[in-house]
Each structure stands twice: as structure tokens, then as C-alpha cells.
1. In Å², what does the accessible area per residue of the range 202-290 work out to with a 1.4 Å probe?
2. Summing +1 for each Lys or Arg and -1 for each Asp or Glu, what net charge is found among the other residues whose Cβ lies under 11 Å from the Cβ of residue 201?
3. Can you give the accessible area of residue 263, probe radius 1.4 Å, in Å² rounded to 10?
4. What ranking do 318-331, 231-244 get when scored by the average of other Cβ atoms within 10 Å per residue, highest first?
5. May I ask you to rank 300, 120, 314, 275 by accessible area, largest first, using a 1.4 Å probe over the protein chains only?
6. At what distance in angstrom do the alpha carbon centres of the range 260-329 and the range 87-116 lie from each other?
7. Could you order 392, 383 so the one with the most accessible surface comes first? Probe is 1.4 Å.
8. Step through the residues of the range 71-82 one at a time and calculate ³J(HN,Hα) from phi using the Karplus curve (6.51 cos²θ - 1.76 cosθ + 1.60, θ = phi - 60°), rounding each to whole Hz and writing x for Gly and Pro.
Amino acid sequence: MPEGPIVEEPRLTVKRQRSIAHRRPRFTAAVAGLLALFLAGTTSLALSGHLLLPFDKVLLLEGRTGSKAVFFEDPEVRRLLLGHGIRVHVTASGSQELVGGDYSRLSFLFPSGRPPANDILARLKRENAYSKAYNPFVSPLVLATYRDYARTLEDSGIATPQLPVGRGEEPLYYSLDLAAFLSQGAAHRTWNDLRIQRHGTTNGNVVVAQTSHICQSNSAETFLAQVAFTVNGGRVPEDPGAEELADRIKPLLSAQGMPGVDVFEPYASPEGRGIAPVVVVYEHQYLAYQTRFHDTRHRIDTERVLLYPTSRFITQPQFISLRPEADRLGELLTHDRRLRERAVALGFRTIGDDADSGELRTYLGERGIPAPDTRTDDTRTVMPAQEILNRMVRKVGDCPSDPGAPAPGAAP
């Protein structure tokens with residue numbers, strides 16, 4: 001057999017397919033992304049009772065508020081609002097600062113009390129601008145202090161523990177004779193003069209309550225009205241004489257204004273006793289603090305207590321809608337059951353609730369926190385006319401005539 005050229009058999013090259021194991025990550029990542037979106041929607045349904053699918057439109061509302069910013073910053077409130085298709089972004093400002101400024105990019109304002117709300121609504125009316133007001137909850141104005149200071153005032157007959165107090169229990173709440181308290185500052189008496197040393201503390205400062213800056217803050221403005229009403233013998237300041245009265249009470253207020261609008265934060269800090277031993281705050285701030293303290297440490301803070309002035313004032317924050325789409329948020333804050341329950345958890349008294357038998361007392365009782373006694377015959381402070389109050393504030397705080405301008409010495 002004749003030899004011919006040797007020819008190799010053709011090689012068959014088989015291109016190996018990538019195994020399923022190698023392809024799975026791409027498939028899994030795609031499915032995981034879709035699954036995450038699906039779970040986001042079903043989680044909203046499970047938690048809020050409202051089906052909020054990933055492609056549903058969320059209404060973003062921009063607002064400015066005072067101390068009530070803590071409500072909108074609460075994670076549970078955010079979750080509940082998102083279940084209704086609403087996301088809220090707030091900027092904290094002093095209530096007086098809310099009166100001035102540009103509203104064009106805002107959906108709502110939420111001043112901490114009626115005086116700035118009245119000014120805002122009057123401005124909107126003058127400008128023929130849209131507005132609608134809601135009153136979702138209230139909170140009394142109180143003085144927060146420490147037990148040794150409260151005991152010192154009790155020794156002098158200026159403060160009285162609220163009853164009943166259980167056996168072996170220390171009172172958290174005291175009634176404060178505001179006229180007697182103010183007379184100590186007017187006479188330049190110090191805490192050492194009241195013999196606070198008997199309770200293990202020394203303090204050579206004059207007996208006064210510190211406020212946030214009066215040109216910025218609704219709580220400071222309201223306390224001014226309380227002081228004026230009390231010093232004026234339980235009479236509402238009127239013209240003529242209102243500005244002369246402002247001059248008389250100025251030493252009790254103007255030197256005590258702390259920079260910014262929040263005096264509760266330094267009071268609640270470990271250094272608070274040396275920074276702010278007696279501060280003017282809202283009741284809800286203290287009750288929310290005690291709730292957080294209990295939930296993390298499983299006990300209440302018995303060293304921080306409240307003084308309720310005998311000339312009382314219940315502040316009523318007003319939610320002011322600046323656009324029709326923000327009306328929905330105002331309605332929810334006022335009527336939604338779960339948002340009302342969360343307001344109570346944050347220390348607020350909802351409209352129509354009696355703290356002696358209602359939601360607030362029940363919530364606090366479940367945590368072993370005593371509820372304040374609001375059954376009282378104390379005098380109710382009556383606010384002066386808005387224009388008179390504004391003039392007294394400017395006189396006491398040396399405030400600029402433009403409410404939107406920065407106050408002298410105020411924090412930027």
C-alpha cells in the first residue's frame with residue numbers, strides 16, 4: 001500500500017458552556033433587587049395598613065417649626081406618615097423667626113403657640129395667601145429643675161409637692177407660687193441665700209428661670225406674658241403702661257435668655273445642673289425625656305422634676321397649611337388615631353384628652369411614670385393683645401423690629 005502524506009484528524013473544539021453555578025449570581029442579583037422592592041411595598045402594607053407600592057407617588061412636604069420638630073423627626077411618626085404616602089422635611093426655627101422670611105418654598109409652618117401663629121395668619125391674610133390652621137395637641141409651659149432646687153423652694157414655701165405621693169416616693173411635680181418665685185429675683189436673692197447648701201449644692205446666682213432667647217422663642221415669649229400678668233397683680237397688660245411694665249420685668253428675663261431656641265437639651269445633659277438649673281420648657285419635652293429614660297434604663301429619673309406655675313398657661317401649637325396639598329397632613333395630625341397615640345407617647349396632650357383620666361395618664365402609668373395632676377384652681381394666664389405683647393417682647397429683648405432678623409446676641 002503506497003504511503004501517502006499523513007493527515008491529522010480534525011480536532012473538534014467544544015466550547016464549554018458556563019455552568020449554572022457561574023450564572024446564578026446575575027440571576028440572583030436581579031431577583032434580589034425586585035424582591036427588595038416588593039418587600040418594601042409589603043412591609044408598608046404590613047406595618048401601616050396602607051399599600052404603598054414602590055411606584056406610588058410620595059408627597060414631599062417642606063415645613064418650618066419650633067420645638068415641635070421632634071415630632072416630625074420621630075422614626076415612628078415618619079413611618080406612619082409614609083404609610084399615608086407623605087414624607088415630611090422640617091427645619092427647626094424659633095417661633096418668632098417663623099413670622100418673617102420667605103414662605104414660597106414651604107408647604108406648612110408649625111409655630112409652638114398662638115402668638116406667633118396669630119402673626120403668621122395675619123401676614124398671610126394681608127398678602128391674600130392661602131392658609132388653613134389645625135390644632136392637633138397642646139402642652140403646658142413649665143419650669144424644669146433638679147430635686148435639690150425644688151426642695152430649697154419648698155423649704156421657703158415657694159413650691160409645694162403635688163399630691164398624692166406614695167410611701168417612700170419622691171414627687172416629680174411641684175406647684176410653684178410664681179409671684180413668690182419672681183420676688184426672689186427682684187430682690188436679688190441667690191440660691192445660697194435660700195440655703196440650698198442644706199441639700200448638698202451651692203449656687204451664688206440669683207434665683208431666676210432661664211429661657212431661650214426671647215426674640216426667637218415662643219416659650220420665652222409666653223413666659224414673659226406669665227411674668228407680666230403675675231407682676232401686674234393678675235391683670236392683663238394694657239396701654240398705657242405696658243411698656244413701663246416691660247421695663248420693670250426686664251431684669252427677670254433679658255439677662256437669662258440662652259442662645260438658640262432649645263434650653264431643654266442642656267438641662268437634660270449630664271452637665272445641666274451647672275448650665276441651666278431652672279429652665280422654661282414645655283411639659284411634653286420632660287415627659288418624653290422620662291419615657292426615653294425609662295425605656296433605656298428601666299427606671300425614672302427622680303433627680304429631674306417639674307414646677308407648675310400657679311398662673312398657668314397651656315400652649316397650643318398650630319399647624320398652618322400654606323398649600324392645599326398640606327391640608328391632608330393637618331387632617332392626619334388632628335384625627336388619625338395612630339398619630340394621636342404617637343403624640344401621646346412623645347408627651348403631648350391631644351385635644352379632648354384629660355391628662356387625669358385619659359390617654360396620657362394611661363401611657364405614663366404603663367411605664368410606672370407618675371402623671372402630673374392637672375386638676376387645679378390655679379389662675380389661668382391671659383395673654384395681652386398681640387400688638388401689645390409684640391412691643392413688650394421687643395422692649396425686654398431689645399429685638400429688631402423685623403421679626404425675621406437675627407436677635408442681638410442670638411446664635412446664628
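1. Values: 3100 Å² over 89 residues.
Dividing the accessible area of the range 202-290 by its residue count gives 35 Å².
2. On the way: positive: 147, 151, 195, 198, 273; negative: 148.
Here the count lands on +4.
3. Its accessible surface works out to 10 Å², give or take rounding.
4. Values: 318-331: 19.4, 231-244: 14.0.
Going from most to least packed, we get 318-331, 231-244.
5. On the way: 300 35, 120 0, 314 60, 275 80 Å².
The ordering from most to least exposed comes out as 275, 314, 300, 120.
6. 19
7. Working: 392 0, 383 45 Å².
Sorted descending by solvent-accessible area, the residues read 383, 392.
8. So the Karplus estimates, Gly and Pro as x, are 5, 6, 7, 5, x, 5, 4, 4, 5, 5, 5, 5 Hz.
The values are calculated or read from the model by the stated rules, or taken from the named source; none is laboratory data. Keep in mind that what you see is a predicted model, and the values were worked out from it rather than measured. Cβ: placed from backbone, ideal geometry, glycine included. Neighbour counts: every protein chain shown. Just the protein is used for accessible areas: all its heavy atoms, side chains included, with ligands, DNA and RNA removed. Shrake-Rupley method; radii C 1.70, N 1.55, O 1.52, S 1.80 Å.
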